[in-house]
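Q: The structure follows.
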Amino acid sequence: MLQSFPPVRLAALDLDGTLLNRNNEVTLATRQAIARAVEHGVVVVPATGRPLASLPPVVAKLPGIRYAITSNGAAVWDLGDDPMGAVHSRYANAAQRHTSEPACLMHRLMPAEVAREAFDLFQQYDGELSVFSDGLAIKTPEGIAKLTSRTAHFLSSEARQNLTDGRFTVIPGIESWMSRHAHEIEKLCMFFDSTEKTAAALPKFQAIPGVSVVQGSPDNIEVTAAGVDKGSALLALADLLGIPHENTLAVGDSENDRAMLEKAGIAAVMANGMPQIKAIGSIVSEADCDHDGVAELFGRLGI
């Protein structure tokens, strides 16, 4: 007997391992599936741990993209009629680009004292630190060097060029910046040198009062204000758009998608998803992110 689902009116898609394949591309079949969904009135929303500045152009240029959930749900943006211009507004070289100003519909920032405590703890580790604030993706020069080294073995030459295209705001002496802007932090995160170091550090971050801690991968730790997650952001956007919660769809693959999958009306998990995440899915794709898994799910759900 075929499983029936309520009609989908709002679909939130995780990026890495879900909407994007392992080459950081959106497959043709997936682009076509999204275009059909938009034509039928479905609001399709990228939902990512990245800040607005790091929303990939290939995603911002998808048909019908108007809203974005970023920084693990700390911010929800209305990108207006020029999504790529909205993304470029948060580039370090925005003054040299065509930009448009997005509207922030929801902003759940870390309390200043909590952000400082988490930042100070991150400073004890020799990892690749990122600070997200007002849609900016902030790194130190050392962080950019670590990012380049970490991704050199799997990124294409074009993707490596993206590391210096302005999407990252590079700030030397970030401690001084942080002392002035601790009340403006959406998220702090770090990639560690090994999964063993990550596992050892994780309990220390989880012990900080007033934070939510998730992992997008086994070698990273992501910290936001307590209660912040993609799921809460998805439901808040649904409320703003007048869409019942049962008509929301979340598609994801990893632990930082758990809250979104648990709170959405329909939880769809990719074939390449973590086993514990597949276990909470209403539906699991047969194809992975490299073989049009999102397109398959949209087809099976009739959108």
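Q: Find out how many positive minus negative residues lie around Lys197, taking Lys and Arg as positive, Asp and Glu as negative, among other residues whose Cβ is under 11 Å from that of Lys197.
A: -4
Q: With the contact rule set at Cα under 8 Å and sequence spacing of 6 or more, what percent relative contact order holds for the chain?
A: 22 percent.
Q: Highest GNM mean-square fluctuation, the chain, Cα pairs closer than 10 Å: which of His107, His98, His183?
A: Of the options given, His98 has the highest mean-square fluctuation.
Q: Kindly work out what percent of the DSSP beta bridges joining two residues of the stretch 33-173 are antiparallel, to the nearest 5.
A: Counting only bridges with both partners in the stretch 33-173, antiparallel ones make up about 75 percent.
Q: Still on this structure, please answer the following. Which pairs, out of Lys204/Lys230; Lys61/Lys230; Lys146/Lys187; Lys139/Lys263; Lys61/Lys278; Lys146/Lys204, put more than 27 Å between their alpha-carbon atoms?
A: Lys139/Lys263; Lys61/Lys278
Q: So, counting K/R as plus one and D/E as minus one, what does the shell of residues with Cβ under 9 Å around Thr48 add up to?
A: Charge balance in the 9 Å sphere: 0.
Q: Specify, per residue and in Å³, the volume enclosed by the convex hull of the alpha carbon atoms belonging to the chain.
A: 126
Q: Angle between the Cα long axis of helix 112-122 and the longest principal axis of the chain, 0 to 90 degrees, nearest 10?
A: 80
Q: Further question on the same structure: Name the residues whose placed amide hydrogens come within less than 5 Å of the amide hydrogen of Val45, ignoring near sequence neighbours (fewer than 5 apart) on the same chain.
A: For Val45, the qualifying residues are Ala11, Ala12, Leu13.
Q: First check a/c for the stretch 112-225, with a ≥ b ≥ c the square roots of the eigenvalues of its C-alpha gyration tensor; if it is under 1.5, answer rounded, and if not, answer prolate when a/b is larger than b/c or oblate otherwise.
A: oblate
Q: How far is helix 28-39 tilted, in degrees, relative to the longest principal axis of the Cα atoms in the chain, given as a value from 0 to 90 rounded to the nearest 10?
A: 70
Q: May I pose another question? Of the beta bridges DSSP finds with both residues in the chain, what % are antiparallel, to the nearest 5?
A: Just about 55 percent of them are antiparallel.
Q: Using helices alone, I'd like the mean residue ellipticity at 222 nm for the chain: each DSSP H run of four-plus residues gives -39500 (n - 2.57), total over residue count, nearest 500.
A: Theoretical 222 nm ellipticity from helices: -9000 deg cm²/dmol.
Any read-out appearing in this document is the output of simple, stated calculations on the displayed coordinates, not a laboratory observation. Being a predicted model, the structure only gives us computed values, none of them experimental. When we count neighbours, we look across all protein chains shown, and the Cβ atoms used for this are built from the backbone with ideal geometry, even at glycine.
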